[in-house]
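*Asks:* First the structure, then my questions, so here it is.
The values are calculated or read from the model by the stated rules, or taken from the named source; none is laboratory data. Every value quoted in this text rests on a predicted model; they were computed, and no experiment measured them. Please note: Cβ atoms are built from the backbone with ideal geometry, for glycine as well, and neighbour counts cover all protein chains shown. Heads up: the accessible areas ignore ligands, DNA and RNA and are worked out on the full protein's heavy atoms, side chains in. Shrake-Rupley method; radii C 1.70, N 1.55, O 1.52, S 1.80 Å.
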Amino acid sequence: MTNKYPKNVKVRQENGILEIPYKKIIKHEELIIEDNIFYGYKTGCSEEEITKYQKEAYQELKELKKLIRENPNIILKLHETTERYIEDNEE
């Protein structure tokens with residue numbers, strides 16, 4: 001196990017597997033989370049619902065970072081509904 005994150009992460013897209021900078025993936029994740037929080041406020045979600053979502057989303061991001069750190073050759077893909085990165089289990 002390494003303590004460093006890879007510079008690039010493999011991501012499966014329709015046109016094949018691309019390498020995307022790790023920092024860009026994390027920034028994307030953070031923007032999606034913040035956008036969802038803003039949407040929650042805009043649509044009248046309760047403070048409790050928003051706080052719960054925020055905790056869960058940042059925990060998922062922490063787990064994604066750990067997954068990448070522990071397996072730098074992992075292949076990710078964008079989840080069609082959430083637009084967040086998940087592990088790609090296609091072979």
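*Asks:* What is the one condition in (1) modelled with pLDDT under 95; (2) polar (S, T, N, Q); (3) surrounded by 12 or more Cβ atoms within 10 Å (Cβ to Cβ) that Asn15 does not satisfy?
*Replies:* (3)
Here is a yes/no grid of residues against (1) within 17 Å of Ile33 (Cα to Cα); (2) open to solvent by less than 50 Å² (accessible area, probe 1.4 Å); (3) among the polar types (S, T, N, Q):
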residue: Tyr53; (1), (2), (3): yes, no, no
residue: Tyr58; (1), (2), (3): yes, no, no
residue: Leu61; (1), (2), (3): yes, yes, no
residue: Leu64; (1), (2), (3): yes, yes, no
residue: Pro72; (1), (2), (3): no, no, no
residue: Ile75; (1), (2), (3): no, yes, no
residue: Glu80; (1), (2), (3): yes, no, no
residue: Glu83; (1), (2), (3): yes, no, no
residue: Glu87; (1), (2), (3): no, no, no
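*Asks:* Residue check, Phe38 against (1) among the hydrophobic types (A, V, I, L, M, F, W, C); (2) closer than 19 Å to Tyr5 by Cβ; (3) surrounded by fewer than 16 Cβ atoms within 10 Å (Cβ to Cβ), all met but one. Which one?
*Replies:* All conditions pass for Phe38, except number (2).
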